[in-house]
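What follows draws every value from the coordinates through simple rules; no lab data is involved. Fair warning: this is a prediction, and the values are worked out from it, not measured in the lab. All Cβ positions, glycine included, derive from the backbone under ideal geometry; neighbour counts span all protein chains shown.
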């Protein structure tokens, strides 16, 4: 099976012009077929506040009302996505910017209202991996922002990590897929206070041990749960660390396998 | 040669939810391979004013400074384009939203500064018609907004009519292309005060006569000059009228041929 890399970058890179340029260079140099997924970070919050739209949070999670969805569509789908595409073109990567509505690539269900009404938030239901592959086969590099659609004309705000893992799961029908989650840390840390205590390899058994020892907790717990879920659904391996893991020179990151 | 329709809609349709929905239905029902190009109309101006960005006009033309380009990228590339794509998906048209940066589809040169510095405005230089055709061959329907790029990472604001004619000229290498310019009038009018005085056919000879009689003037003059330029460069025919010309039921519009 041919290899495919799915790389996710977060808001911290998007918001820093220099970091973004350095990352896009690394991504452009990454060999083989690839997909980029980006978050939007605080730019949507800033834009919302400039427009006088209040960011409503419940239990630390953002509520996407109609006005907020408009801002997200402008900032993630327009400003961030199209500038990333233009910058990749300048680096000779033939990028194509996408939401889940484009080529019907990612369909989602509006999250049902239970205790909290999250508003226009979508949970991924279906990835049109054959359609996405048509772009890849045409030598285009898909660049996804964190927006999906419900198939009935409604755009929906969707977590970029989830888009990454679901697209990777879909593409695993056709490719040996590797996910690269780029974030601020060097990887999953043995000791949260020591940024160099990277755990270089985690598999199901090691993960169980780490859980029992209480080393995996807080924000890292759902991330790793999602990783093992993706691995169980066909993703070949998942890598977590800073952007330099995309080079061959740095092996100081966390590789996760089943 | 297979036929390809390139349809352009302006801001008046984009801004009116009902008119937009009615148009998108007509567009979805249009048989054969097709491309949509949309302007953004006054939504960008409204958004700019909400954000406290002054719209600078010189000789009636908008100056695109860096802040204005940001708004245009958000509104045309994000808000308008992605909502149009989602609505087309709901109508079973497998749309894909594009700027000229995506798949390097439309490269332009930043307009040189002469008497006026228009800012980040691009004049189309090159249409990657073979790349656009890869999307069409994959049964996707391209939806272009009025943004191009210079190939060096810079997005540029570009007139939607120009994008329409230049894309049509490019695609004429591969298809028998028809342009449909949808606008408020029923067509080119013999008498500007009589909306039913549509001139149903204009060719080079008739055009010359109309010019001599002074019937073509003002805003219509550059539009028709552009039309004949496109026809000379391979476009098969150009149609101007209201959106109902996309149906077979209305023949009350202007058809332009060489």
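For the residues of A:89-98, the average number of beta carbons from a partner chain within 10 Å of their own beta carbon is 6.
A Förster distance of 41 Å, applied to the separation of the beta-carbon atoms of residue B:29 and residue A:193, puts the FRET efficiency at 0.05.
Placing dummy labels 7 Å off each Cα toward the beta-carbon, the span from residue B:117 to residue B:212 is 4.7 nm. Counts of other chain beta carbons within 10 angstrom of each beta carbon in peptide A:129-138 average 3.
Across peptide A:99-110, how many C-beta atoms of other chains are within 10 Å of each residue C-beta, on average?
Partner-chain Cβ atoms within 10 Å, mean over residues of A:99-110: 5.
Let me know the shape class of segment B:19-114, please: from the alpha-carbon gyration tensor, a ≥ b ≥ c as square roots of the eigenvalues, rounded when a/c is under 1.5, otherwise prolate if a/b is greater than b/c, or oblate. Here segment B:19-114 falls in the prolate category.
The helix-based estimate of mean residue ellipticity at 222 nm for chain B, built from -39,500 (n - 2.57) per DSSP H run of four or more residues and divided by its residue count, is -10000 deg cm²/dmol to the nearest 500. Sorted shortest first, the separations between the residue A:117 label point and its copies elsewhere in the assembly read 5.0 nm; each point sits 7 Å from Cα along the Cα-to-Cβ line. When chain B is turned onto chain A, its residue with the beta carbon nearest the axis, and that distance in whole angstrom, is B:78, 1. Shape class for segment A:3-182: oblate, because the ratio a/c of the largest to smallest gyration tensor axis (alpha-carbon atoms, square roots of eigenvalues) is 1.5 or more and b/c is at least a/b.
Each other copy holds its own label point for residue A:221; taking that point as 7 Å from Cα along Cα to Cβ, the gaps run 7.4 nm, nearest first.
When only Cα pairs below 8 angstrom with a gap of at least 6 residues are kept, chain A shows a relative contact order of 21 percent.
If the segment from residue B:58 to residue B:22 were pulled out straight at 0.36 nm per residue, it would be longer than the present Cα-Cα gap by 9.4 nm.
Taking the DSSP beta bridges with both ends in the protein assembly as shown, the antiparallel portion is around 35 percent. Packing, taken as the mean count of other beta carbons within 10 Å per residue, orders the peptides B:128-139, A:177-188, A:208-219 from highest to lowest as A:177-188, B:128-139, A:208-219. Among A:248, B:62, sorting on how many other beta-carbon atoms sit within 10 Å of each Cβ, with the fewest leading, yields A:248, B:62.
Determine the shape class of segment A:185-258: with a ≥ b ≥ c the square roots of the Cα gyration tensor eigenvalues, call it rounded for a/c under 1.5, and otherwise prolate if a/b is greater than b/c, oblate otherwise. Oblate is the answer for segment A:185-258, as a/c is 1.5 or above yet b/c matches or exceeds a/b.
Each copy carries a label point for residue B:234 at 7 Å from Cα toward Cβ; from one copy, the others' points are 3.9 nm away, ordered from shortest.
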